[in-house]
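K.L.:
I have a structure I would like to understand better, so I am pasting it below and will then ask my questions one at a time.
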Amino acid sequence: MLSVLGHATILVLLVIETPRQLTVEQRPVAVEVVMVAPSAAYPAPPANLPPTAAQPEVTGRPSPSPARPARPSTGGRVTATDYFAGAVLDDPRNRQTRETLSTLTVDERLIQICNIEAMEQLKRWKAGFVPNSVVPYAMADPVLGATSMEAKGAAVHADGKWYRLSFSCGATTDLSRVASFAFTLGRPIPQREWEQNSLPELVEGEPTD
C-alpha cells in the first residue's frame with residue numbers, strides 16, 4: 001500500500017515498460033483552487049453529480065450553453081456529457097493554480113485536472129453532495145496513459161465521510177481540458193479503513209462523523 005508522506009506530498013511515478021502505462025507510487029502534489037458560488041449557467045440538476053491536501057472545488061466561467069447533467073449508464077456507471085475542469089482553471093481567481101500546474105510534470109498535471117473534474121462532476125450529478133477532496137489511489141493505484149487516467153480504487157470526501165469512487169478520465173493533448181469522463185460513486189468507506197488507505201480524518205478542518 002502507499003506510504004504516507006504527509007497531507008501534501010510530491011507525486012512519484014514508476015514507469016513500466018509498456019506503452020505509456022504508469023502507476024502512481026505516492027501522493028500527487030496538492031493544488032488549491034478558490035471556492036466560488038455556482039454560476040447560473042451551471043444549474044445543479046435535480047437530486048436523482050482526488051493529495052493529499054483538500055482540493056476545494058469551484059465552478060468556472062459560464063460556458064456558451066447550460067451544462068447538461070451526467071447521464072447514468074449500465075451498471076451504475078455515469079457518463080459525463082459536459083466537462084468543467086477547463087473552466088475552473090480559466091477563472092481569474094485560479095491564476096495561481098494555473099501557474100502551479102505549469103510547473104508540474106505531465107503526469108501530475110493529468111492527475112490534478114482529472115481530480116478537479118471528478119469533484120465538479122459529482123457536485124453537479126447529485127444535489128447536496130459537495131466533495132472537497134479526491135484521492136485517486138486510496139484502494140488501488142490508478143493507471144495513467146499519455147492523456148488518460150483510470151482510477152478504479154479512488155475515494156472522495158464529502159460531509160465528513162469518505163466514499164468509494166471509480167472514474168476514468170481523458171484529457172486533451174495539452175492537458176488543459178477534459179475530453180471524456182465517467183464515474184461510479186460507491187458506498188461510504190468504514191472509518192476503521194481510513195488509515196490503512198491513507199485517508200485523513202480531517203479535510204479542510206472538517207471533522208469526521
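K.L.:
Using the Karplus curve 6.51 cos²θ - 1.76 cosθ + 1.60 with θ = phi - 60°, work out ³J(HN,Hα) for each residue of the stretch 134-149 in order, rounded to whole Hz, and write x for Gly and Pro.
P.N.:
So the Karplus estimates, Gly and Pro as x, are 10, 10, x, 10, 4, 9, 6, 5, x, 10, 10, x, 4, 9, 9, 9 Hz.
K.L.:
Given a 1.4 angstrom probe, I'd like the percentage of the accessible area of the stretch 108-191 that is carbon and sulfur, rounded to a whole number.
P.N.:
C and S fraction of accessible area: 51 percent.
K.L.:
Another one. May I have the pair-distance distribution P(r) for the stretch 123-168, computed from all Cα-Cα distances with 5 Å bins from 0 and rounded to whole percent?
P.N.:
6, 23, 25, 23, 14, 7, 2
K.L.:
From the C-alpha coordinates alone, can you work out the Kirkwood hydrodynamic radius of the stretch 120-209, in Å?
P.N.:
Computed over the stretch 120-209, the radius equals 13.7 Å.
K.L.:
So, one more: Suppose each label sits 7 Å from its Cα in the direction of the beta carbon; what would the ALA146-ALA127 distance come out to in nanometres?
P.N.:
4.3
K.L.:
How long is the gain from LEU202 to GLU99 if the chain were fully straight, where each residue apart is worth 0.36 nm and the alpha carbon distance is subtracted?
P.N.:
Difference between extended and current length: 34.4 nm.
The values are calculated or read from the model by the stated rules, or taken from the named source; none is laboratory data. Not measured: the values here are computed from a predicted model. Backbone-built Cβ (ideal geometry, glycine too); neighbour counts: all protein chains shown. Note: areas computed on protein heavy atoms with side chains; ligands, DNA, RNA excluded. Shrake-Rupley method; radii C 1.70, N 1.55, O 1.52, S 1.80 Å.
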